[in-house]
Amino acid sequence: MFAKTLLPSSSSKNKKLPVVIGTITIIVILLTGLIFWLTKLRERRIIVSQASQNSSLQQDSQPTRVEKQLVEGFPDFTPYPNASIEYSTVKQAEQDFSYEGVWKTSENIDLVVTWYKENNGWVIEIAPDVPGTFEQFFVARKGNMKLYLTIEASESGEETEIVADIISQSVR
């Protein structure tokens, strides 16, 4: 009789087994998602790093910045229709140019991303593939220009920022 009170009954083990298996399954799914997300983040950082290394633009060149409008010579880039320009910049090193334009809109990030996937006029090399996140990233090409497009939702989700970095390389 003493041994029966110390050992759990087999029916209580059977009741806990589905809970344990379910918990382990959820943990595995969450870890898999985290690993996938970290891998995508790492890939994005590598791409941006390679772009800055491959560019012959000097980091110490002084950019020209213009508020509320595009700098002169800004490449052919169609901004999101409901976005307003915050500022733009241009830097030159030798014969290459680097342009940046920053726009803001009150539209949802997923709407903005969908619009750029369908209406950008560039050949998309890398497209965002994780809908519902707060930051999306494109890499595209048109002629001798390379576009790095970052679309980021504010923490509140009420505003979306669109940053277009365009590197225009001269043909050598």
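Observations on the structure shown:
- 17 Å reach of a label modelled at residue 34, 7 Å along Cα-to-Cβ, counting backbone N of the stretch 116-138: none
- Relative contact order, percent, the stretch 66-120 [alpha-carbon distance under 8 Å, six or more residues apart]: 34 percent
- Among 65-74, 106-115, the order from most to least packed when residues are scored by Cβ within 10 Å on average: 106-115, 65-74
- Rounded to the nearest Hz, the phi-derived 3J(HN,Hα) couplings of the stretch 87-92 under the Karplus curve 6.51 cos²θ - 1.76 cosθ + 1.60 (θ = phi - 60°) are 6, 8, 9, 9, 10, 10, where x marks glycine and proline.
- Length added when fully stretched, residue 163-residue 93, from 0.36 nm per residue minus Cα-Cα: 23.1 nm
- Within the stretch 139-172, backbone nitrogen closer than 19 Å to the virtual label 7 Å beyond the Cα of residue 106 toward Cβ: 152-162
- The average projected area of the stretch 58-168, computed from the convex hull of its Cα atoms over all directions, is 7.1 nm².
- For the stretch 112-172, the normalised intensity computed at q = 0.14, 0.19, 0.20, 0.26 Å⁻¹ comes to -0.41, -0.69, -0.75, -1.11 (log10 of I(q)/I(0), Debye sum over alpha carbons, equal scatterers, no solvent).
Quick note: the coordinates plus some simple rules give every number you see, no bench work behind them. Predicted model, so just to flag it, every value in this text is computed and none were measured. Positions of Cβ are generated from backbone atoms using ideal geometry, with glycine treated the same way; all protein chains shown enter the neighbour counts.
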